[in-house]
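Q: I have a structure I would like to understand better, so I am pasting it below and will then ask my questions one at a time.
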Amino acid sequence: MASGLFVMNKMLYETRIVKMEKKMKKLVWLLTLIVVLSLSLSACGGSTAAPEEAAAMEPFRVAVVMPSAINDLAFSQSMYDALLLIQEEMGGPEMFEIVYSENMFVVDDAAAAIRDYASQGYDLVIGHGSQYGSSLQEIAPDFPETSFAWGTTSETFGQPNIFAYSASSQQGGYVNGVLAATLSQSATIGVVGPIEVGDAKLYVDGFKAGVAATNPAVTVNVNYIGSFSDVALASEAATTHISAGADVLTGTAQMVVGAIGKAEEANALWFGTQSNQTSLAPSIVVANQVYHWEVALREMISMIQAGELGGKAFDATLANGGEVMEFNPDYALSDDAKALADSTIQGIIDGSITITLP
């Protein structure tokens, strides 16, 4: 009997041991599975990412409203080209989204588009035109979490979510004026201006100052046509200048495509501004002052990402790279003329040349 009890107890003991071993194996298996899953998630960067890291992966979204086409070779294209460059720098469309409304010359329509973009939660809404200022002043307070920007101006209306940007266009205008006075054979130059305001007026005044500083005997005839977009009027103004003996022309705003066409027909030289206009007439375009708004945009974006949504004005200059003189490689500019242009650019940057405007 005793030996039977011993055998039974032994069997019960061995059974418990087997069960304990199975439980231990199961526990080890579960722990191993947990470790493997944890390592996999960590390697994938999935659920282990911090909230701020996840937010950093969200694309930065920009909407821009422009008065003319994105390929106008003037004011609107200067902004669109800058946004494309920023997009490339930030990793492509997946990381930097751009939407736009072009040819928004009717201010009420532009205001509706600006409000609509803001309501869609874009990080930055740009009204690229001084005519949009009053609209932004009215709309921005309704969207305190959205950043707005407009130009060319230095006015932020004291709003914490409005940026402003402008261009010291008189600087590139002065350089173009120096070269124009040097190259003109007839001593008569024509300027086709839009409306006598903003960076357009600064450019024209700077151009005239450059001509006067180089050769006071050169006559500069200026015609403001009263429109930024009327190509036909710009063509007429250019024709009038050429009839008056001008062998060099310049102008500013999107309507200059008409003036450039007339200059090409007459084989008169052309100096551009805002965007590079060489492709329109490679045989006559000498140089272009080009706006590089990406210099201001980079800082705006950095400030927005840090939580500062506006309240600052930016100015594009030759010194900070917001304005760049781009010369037509197909135009045979003499070494002396190019050296004069380079020294003028450097003089403006280092302050040794002072541009006196009327």
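Q: Out of all the residues in the stretch 65-83, which are over 8 Å from the mean Cα position of the chain (by Cα), among the hydrophobic types (A, V, I, L, M, F, W, C) and at negative phi?
A: Applying the first criterion (over 8 Å from the mean Cα position of the chain (by Cα)) to the stretch 65-83 yields 65-77.
Going one step further and asking which of them are among the hydrophobic types (A, V, I, L, M, F, W, C), we end up with 65-66, 69-70, 73-75.
Listed by number, the residues that qualify are VAL65, MET66, ALA69, ILE70, ALA74, PHE75.
Q: Is it the case, given these coordinates, that VAL197 is surrounded by 24 or more Cβ atoms within 10 Å (Cβ to Cβ) and either of a type in the set (S, T, N, Q) or within 28 Å of THR153 (Cβ to Cβ) (or both)?
A: Judged against the criteria, VAL197 is not a match.
Q: Right, next: Considering each residue of the stretch 70-93, count those that are in a loop (DSSP other than H, G, I, E, B) and surrounded by 15 or more Cβ atoms within 10 Å (Cβ to Cβ), and give that number.
A: First, the residues of the stretch 70-93 that are in a loop (DSSP other than H, G, I, E, B): 70-74, 90-93.
Going one step further and asking which of them are surrounded by 15 or more Cβ atoms within 10 Å (Cβ to Cβ), we end up with 70, 72-74, 90.
Number of matching residues: 5.
Q: Looking at TYR132, TYR122, which one is in the same structural domain as SER302 (by TED's automatic domain parsing), in a loop (DSSP other than H, G, I, E, B), touching a residue at least 12 places away in the same chain (Cβ under 8 Å) and surrounded by 19 or more Cβ atoms within 10 Å (Cβ to Cβ)?
A: Numbers: TYR132 fails: in a loop (DSSP other than H, G, I, E, B).
So the residue among TYR132, TYR122 that is in the same structural domain as SER302 (by TED's automatic domain parsing), in a loop (DSSP other than H, G, I, E, B), touching a residue at least 12 places away in the same chain (Cβ under 8 Å) and surrounded by 19 or more Cβ atoms within 10 Å (Cβ to Cβ) is TYR122.
Q: Against the condition of a type outside the set (Lys, Arg) and crowded, with 24+ Cβ neighbours inside 10 Å, how does GLY177 come out, does it pass?
A: Working: of a type outside the set (Lys, Arg): yes; crowded, with 24+ Cβ neighbours inside 10 Å: yes.
Here the answer is yes, as GLY177 does meet what is asked.
Q: Of the residues that make up the stretch 270-286, is at least one farther than 18 Å from ILE70 by Cβ, among the small types (Gly, Ala, Ser) and crowded, with 24+ Cβ neighbours inside 10 Å?
A: no
Q: Does the stretch 303-313 contain at least one residue that is of a type in the set (A, V, I, L, M, F, W, C), in contact with a Ser or Thr (Cβ under 8 Å, 6 or more places away or on another chain) and outside any helix (DSSP H, G or I)?
A: Within the stretch 303-313, one or more residues are of a type in the set (A, V, I, L, M, F, W, C), in contact with a Ser or Thr (Cβ under 8 Å, 6 or more places away or on another chain) and outside any helix (DSSP H, G or I).
Q: Also, I was wondering about something else. Could we say that GLY307 is within 26 Å of GLU88 (Cα to Cα) and either in the same structural domain as ASN161 (by TED's automatic domain parsing) or loosely packed, with under 14 Cβ neighbours inside 10 Å (or both) here? Let's see the steps before the verdict.
A: Values: within 26 Å of GLU88 (Cα to Cα): yes; either in the same structural domain as ASN161 (by TED's automatic domain parsing) or loosely packed, with under 14 Cβ neighbours inside 10 Å (or both): yes.
Criteria met by GLY307.
Q: Right, here's the next one. Mind checking which residues of the stretch 135-170 are assigned to a loop (DSSP other than H, G, I, E, B) and either within 17 Å of SER76 (Cβ to Cβ) or at pLDDT below 95 (or both)?
A: Initial filter on the stretch 135-170 (assigned to a loop (DSSP other than H, G, I, E, B)): 143-146, 152-161, 168-169.
Listed by number, the residues that qualify are THR152, THR153, SER169.
Q: Would you be able to say whether some residue in the stretch 338-353 is under 22 Å from PHE228 (Cβ atoms), at pLDDT 95 or above and of a type in the set (A, V, I, L, M, F, W, C)? Write out each step before concluding.
A: Initial filter on the stretch 338-353 (under 22 Å from PHE228 (Cβ atoms)): none.
No, the stretch 338-353 has no match at all.
Q: Also, I was wondering about something else. From the set of residues in the stretch 314-336 that are within 18 Å of the chain's Cα centre (by Cα) and assigned to a loop (DSSP other than H, G, I, E, B), which is surrounded by the most Cβ atoms within 10 Å (Cβ to Cβ)? Steps first, please.
A: Within the stretch 314-336, the first condition is being within 18 Å of the chain's Cα centre (by Cα), and the residues that meet it are 314-326.
Of the ones still in play, those that are also assigned to a loop (DSSP other than H, G, I, E, B) are 317-322.
Details: THR317: 18, LEU318: 20, ALA319: 15, ASN320: 14, GLY321: 11, GLY322: 23.
It comes out as GLY322.
Q: Does LYS262 satisfy the criteria of being closer than 28 Å to MET66 by Cα and either surrounded by fewer than 18 Cβ atoms within 10 Å (Cβ to Cβ) or at pLDDT 95 or above (or both)? Write out each step before concluding.
A: Working: closer than 28 Å to MET66 by Cα: yes; either surrounded by fewer than 18 Cβ atoms within 10 Å (Cβ to Cβ) or at pLDDT 95 or above (or both): yes.
For LYS262, the condition - closer than 28 Å to MET66 by Cα and either surrounded by fewer than 18 Cβ atoms within 10 Å (Cβ to Cβ) or at pLDDT 95 or above (or both) - is met.
Q: Would you say THR239 is over 19 Å from LEU280 (Cα atoms) and either at pLDDT 95 or above or not acidic (Asp, Glu) (or both)?
A: Criteria not met by THR239.
Q: Something else now. Pairs please, first residue from the stretch 250-262 and assigned by TED's automatic domain parsing to the domain that holds ALA232 and under 21 Å from LYS208 (Cα atoms), second anywhere and of a type in the set (A, V, I, L, M, F, W, C) and assigned to a strand (DSSP E or B), Cβ atoms under 6 Å, 6+ apart in sequence or on different chains.
A: Between residues of the stretch 250-262 that are assigned by TED's automatic domain parsing to the domain that holds ALA232 and under 21 Å from LYS208 (Cα atoms) and residues that are of a type in the set (A, V, I, L, M, F, W, C) and assigned to a strand (DSSP E or B), the close pairs are THR250/VAL191; THR250/PHE271; GLY251/VAL192; ALA259/VAL192; ILE260/TRP270.
Q: Where the second residue is surrounded by 23 or more Cβ atoms within 10 Å (Cβ to Cβ) and the first is of a type in the set (Asp, Glu) and lies in the stretch 146-158, which pairs have Cβ atoms under 6 Å and are six or more apart or on separate chains?
A: Short answer, once both residue conditions are applied: GLU155/ALA164.
Q: When residues of the stretch 181-195 are filtered for being touching a residue at least 60 places away in the same chain (Cβ under 8 Å), assigned to a loop (DSSP other than H, G, I, E, B) and of a type in the set (A, V, I, L, M, F, W, C), how many remain?
A: The total comes to 0.
Q: Quick check on the stretch 286-294. Is at least one of its residues closer than 17 Å to LEU333 by Cα, not in a strand (DSSP E or B) and not assigned by TED's automatic domain parsing to the domain that holds THR152? Break it down stepwise before answering.
A: Of the stretch 286-294, the ones closer than 17 Å to LEU333 by Cα are 286-289.
The next check asks that each one be not in a strand (DSSP E or B); those that pass are none.
No: the stretch 286-294 contains no residue that is closer than 17 Å to LEU333 by Cα, not in a strand (DSSP E or B) and not assigned by TED's automatic domain parsing to the domain that holds THR152.
Q: Can you name every residue in the stretch 335-358 that is farther than 10 Å from VAL175 by Cα and in contact (Cβ under 8 Å) with a residue 12 or more places away in the chain?
A: ALA337, ILE349, ILE353, ILE355, THR356, LEU357, PRO358
The values are calculated or read from the model by the stated rules, or taken from the named source; none is laboratory data. Small disclaimer: the values here were computed from a predicted structure and weren't measured. Positions of Cβ are generated from backbone atoms using ideal geometry, with glycine treated the same way; all protein chains shown enter the neighbour counts.
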